[in-house]
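Just dropping this structure here.
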Amino acid sequence: MAEYRTIFISDVHLGTAGCKDEYLLNFLKNNSSDNLYLVGDILDFWKLKSSWCWTKGHNEVLRRILKISKKTNVVYIPGNHDEIIREFIPINFGDIQIVRDASYTSLNGKKHLVFHGDDFDFIVRKYKWIAIVGSFLYEFLLKLNTINAWVRRQFNLPYWSLSKYLKHKAKQAVNFIHSFEKAAVKHAREKGYEGLICGHIHRAMATKIEGIDYYNCGDWVESCTAIVETKEGEFKIIEWIKN
């Protein structure tokens, strides 16, 4: 059992076929922390509104998080796919604190702004219907990714995400990611923070941008990643893939 000061996860998308619930459940069982931040899109109400996709594994993930909250400080920051929860914040769900965003102080004393990130996505803010259509197309790509993963397993090949590869190769996607990162960093700086921790774009990252520490949790539909702060105060990306 690996122990951390804090674990940050985002974009689980419970309620979709693409959710890698078995990987996340295994991760939560084998890693513990003093704090757990759920950085948005944990539940996917966009998908659940149109069709029901809820598995036993999804239930087990929620049960595990509730169990963790009994002994760990758990903070839930809703994203755009679970934005309906924002109508009720700030609120506590059992031992889980639900807020719009949060301030996190690392071991070295740096203050980090923790938020999902959809506020810096122009499409989500201005043209939500396009974002919803895009979400369904993205899920179709994830289904192709599932077929690809099955074929690779038959030949004993390691996990490789087709959808992740195509997304990172697309010029427009790369430009969007850079614009998102710059906008998020600018917002954190204007708020007086030295770092930020977010999700939304499904691209795990731990770097420094224009003097601001930038951490993106990634997701649990493609890369299966989390951001952690170790007991020694080091931030790093954990990629949790079981072959």
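Would you kindly state how much longer the chain becomes between Ala102 and Arg86 on full extension, computed as 0.36 nm times their sequence separation minus their alpha carbon distance, in nm to one decimal?
Taking Ala102 through Arg86 to full extension adds about 4.4 nm, to one decimal.
Where a Cα-Cα gap under 18 Å defines reach, which aspartates and glutamates qualify for Lys208, not counting those fewer than 8 residues away within the same chain?
Glu181, Glu190, Glu194, Glu229, Glu234
Please list 93-99, 114-120 highest first by mean number of surrounding beta-carbon atoms within 10 Å per residue.
114-120, 93-99
So what's the net charge close to Tyr214: Lys and Arg +1, Asp and Glu -1, counting the other residues with Cβ under 12 Å from its Cβ?
That works out to +1.
Another question, if that's okay. Starting from the residue with the highest accessible area, list His178, His58 in decreasing order, probe 1.4 Å.
The ordering from most to least exposed comes out as His178, His58.
Give, as a single signed number, the net charge of other residues whose beta carbon lies under 10 Å from the beta carbon of His112, with Lys and Arg counted +1 and Asp and Glu -1.
-1
Anything over 29 Å Cα to Cα? Flag those among Lys71/Lys111; Lys20/Lys70; Lys49/Lys71; Lys70/Lys110, in the order listed.
Lys49/Lys71
With a 1.4 Å probe and all protein chains kept in place, how much accessible area does Leu25 have, in Å² rounded to the nearest 10?
Probe radius 1.4 Å; accessible area of Leu25 about 20 Å².
When the solvent-accessible surface of protein heavy atoms is calculated with a 1.4 angstrom probe, in what order do Phe235, Phe88, Phe27 fall, highest first?
Descending accessible area places them as Phe88, Phe235, Phe27.
Turning to a different aspect of this structure: How would you rank 204-212, 15-23, highest first, on the average number of other Cβ atoms within 10 Å across their residues?
15-23, 204-212
The values are calculated or read from the model by the stated rules, or taken from the named source; none is laboratory data. Keep in mind that this is a model prediction, so the values were computed, not measured. A quick note on method: Cβ atoms are made from the backbone with ideal geometry, for glycine too, and the neighbour counts reach across all protein chains shown. To get the accessible areas, we keep the full protein, side chains included, count just its heavy atoms, and leave off ligands, DNA and RNA. Shrake-Rupley method; radii C 1.70, N 1.55, O 1.52, S 1.80 Å.
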